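The values are calculated or read from the model by the stated rules, or taken from the named source; none is laboratory data. These numbers were taken from a predicted model, which means no experiment stands behind them. Glycine also receives a Cβ, built like all others from the backbone with ideal geometry; neighbour counts cover every protein chain displayed. Ligands, DNA and RNA are excluded from the accessible area calculation, which covers all protein heavy atoms including side chains. Shrake-Rupley method; radii C 1.70, N 1.55, O 1.52, S 1.80 Å.
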Amino acid sequence: QVARSLVEATQKGIERWIDVYNSRPDNSTKITTPILRERLFIPSINPKHKNWHSLTSAFISFCLEWDYRNLLFNIRINPGTFEPYYVHLFKGCLLFESLLKENNVRKPPQEQNTLGRVLTYLHKSLGIKPNLDFKDKQFSDVLDELDKSDESIGQSILLTGMTRNTLGHNLGWEVGLTKNQYQRLFQMVSSSCIHVVSNLYKVAEGK
């Protein structure tokens, strides 16, 4: 009973981002909350998948933090720090990379240890182009790519990779984020994470 409101908020948030994912124009792998729960959340409780514990908690907290971070934009002093939004987005990008590496359908070999190599190895399973170009980018390149994005899964994954490689190395970018840009990037990162679960996670025997 104590955690009931938190559980309800979590479910509503995840359902919201699943709806966004299912609406992507090139998405042919629809998913529902029960499917997400069956493929990732429930198996993560099993000791056989103890490496998924942190994935599940990161997935839930990433979604839950959205409402708070988004609200901050309404009371943010200008000029002010973008650190809360950069760190939140990077958390989702790291979750995306971790979900790729720990999947139980086609786990990448250890030598495929960078995000670019992992995506090239898994591109057919994900239905995306190989060799996505997100190396040596500035955060301004992320925003430029976002401005011309078609909201597809392929673009979402490209922008997630670009965001991961820029914010993972530097938080001191001179360019900032508008609220709309932050919202769109969050939705693309969350859609990328859901896409990995939809395509690369299956119900393990004995869960």
Completion exercise
the chain accessible area per residue, 1.4 Å probe, protein heavy atoms, integer Å², reads 51
Handout entry: Whole-number D in µm² s⁻¹ for the chain, Kirkwood Cα-pair radius fed into Stokes-Einstein, 25 °C, 0.890 mPa s
Key = 140
Practice task
Mind grabbing the accessible area of Asp136 for me, 1.4 Å probe, Å², rounded to tens?
Solution key: 150
Fill in the blank from the handout: When the charge dipole of the chain is computed with +1 at the Cβ of Lys and Arg and -1 at the Cβ of Asp and Glu, the Cα pointing farthest to the positive end, of Leu122, Phe134, Gly154, is that of Leu122
Exercise for the section: For every helix of n ≥ 4 consecutive DSSP H residues, a contribution of -39,500 (n - 2.57) applies; sum these over the chain, divide by its total residues, and give [θ] at 222 nm rounded to the nearest 500 deg cm²/dmol. Expected result: -19500 deg cm²/dmol
Practice task
Quick one: what are the phi-derived ³J(HN,Hα) couplings along segment 159-166, Karplus 6.51/-1.76/1.60 with θ = phi - 60°, whole Hz, x for glycine and proline?
Solution key: 5, 5, x, 5, 5, 4, 6, 7
Exercise for the section: Determine the alpha carbon to alpha carbon distance for each of Lys137/Lys202; Lys50/Lys101; Lys50/Lys202 and list only those over 22 Å. Expected result: Lys137/Lys202
Exercise for the section: With only Lys, Arg, Asp and Glu charged, each at its Cβ (+1 for the first two, -1 for the last two), find how big the charge dipole of the chain is about the Cα centre; round to the nearest 20 debye. Expected result: 720
Exercise for the section: Taking only Cα atoms and a 10 Å spring cutoff, compute GNM fluctuations for the chain and point out the largest among Val87, Val20, Val175. Expected result: Val175
Practice task
Calculate one ³J(HN,Hα) per residue across segment 108-122 by plugging θ = phi - 60° into the Karplus curve 6.51 cos²θ - 1.76 cosθ + 1.60, and present them in order as whole Hz with x for glycine and proline.
Solution key: x, x, 4, 5, 8, 9, 10, 4, x, 5, 4, 5, 5, 5, 9
Completion exercise
Computed Rg/Rh for segment 33-131 (Cα atoms; Rh = Kirkwood radius) stands at 1.05
Handout entry: Listed residues Tyr121, Tyr85, Tyr68, most fluctuating in the chain (Gaussian network, C-alpha, under 10 Å)
Key = Tyr68
Practice task
For segment 111-162, count all C-alpha to C-alpha pairs, find those more than 14 Å apart, and express that count as a whole percent of the total.
Solution key: 51
Problem - Karplus-derived 3J(HN,Hα), 6.51/-1.76/1.60, for each residue of segment 37-49, Hz, glycine and proline x - result: 5, 5, 8, 10, 5, 5, x, 5, 6, 6, x, 5, 10
